[in-house]
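Inspection log for the structure reproduced underneath, given as structure tokens.
The values are calculated or read from the model by the stated rules, or taken from the named source; none is laboratory data. Only a predicted model underlies this, so the values are computations on that prediction, with no experimental measurement involved. Here the Cβ positions follow ideal geometry from the backbone for every residue, glycine too, while neighbour counts run over all protein chains shown.
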């Protein structure tokens with residue numbers, strides 16, 4: 001049986017390991033201004049193509065116009081390879 005002291009030491013060691021791991025700015029990542037808004041959509045795996053065609057007709061022209069006017073910098077549409085993912089299989093950003 002694991003004692004409370006062992007658990008406490010393990011938690012303290014893990015916290016120390018996490019707190020000492022720092023990323024070097026501009027080497028490990030580049031800071032950017034702005035934020036990302038990501039929407040996850042659950043689409044029936046058999047109708048993903050239909051959904052993407054619908055996005056091309058409705059959502060894409062709107063975000064293109066927003067990009068043209070400088071309201072947004074970029075946008076993306078991603079499809080999860082695992083179509084049966086319960087959390088959603090299409091990402092709009």
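Tabulated values for the structure
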| quantity | calculated |
| --- | --- |
| Contacts under 6 angstrom Cβ, first residue in the range 79-93 being free of Cβ contacts under 8 Å to residues at least 12 places away in the same chain, partner in a loop (DSSP other than H, G, I, E, B), 6 or more apart | 80/89 |
| Of residues in the range 75-92 being modelled with pLDDT of 90 or more and in a loop (DSSP other than H, G, I, E, B), the one farthest from residue 50 (Cα to Cα) | 75 |
| Residue within the range 50-68 that is at pLDDT below 90 and not in a loop (DSSP other than H, G, I, E, B) present | no |
| Filter result (within 15 Å of the chain's Cα centre (by Cα) and surrounded by 14 or more Cβ atoms within 10 Å (Cβ to Cβ)) within the range 48-78 | 75, 77 |
| Residue match in the range 21-36 (condition: modelled with pLDDT of 90 or more and within 11 Å of residue 92 (Cα to Cα)) | no |
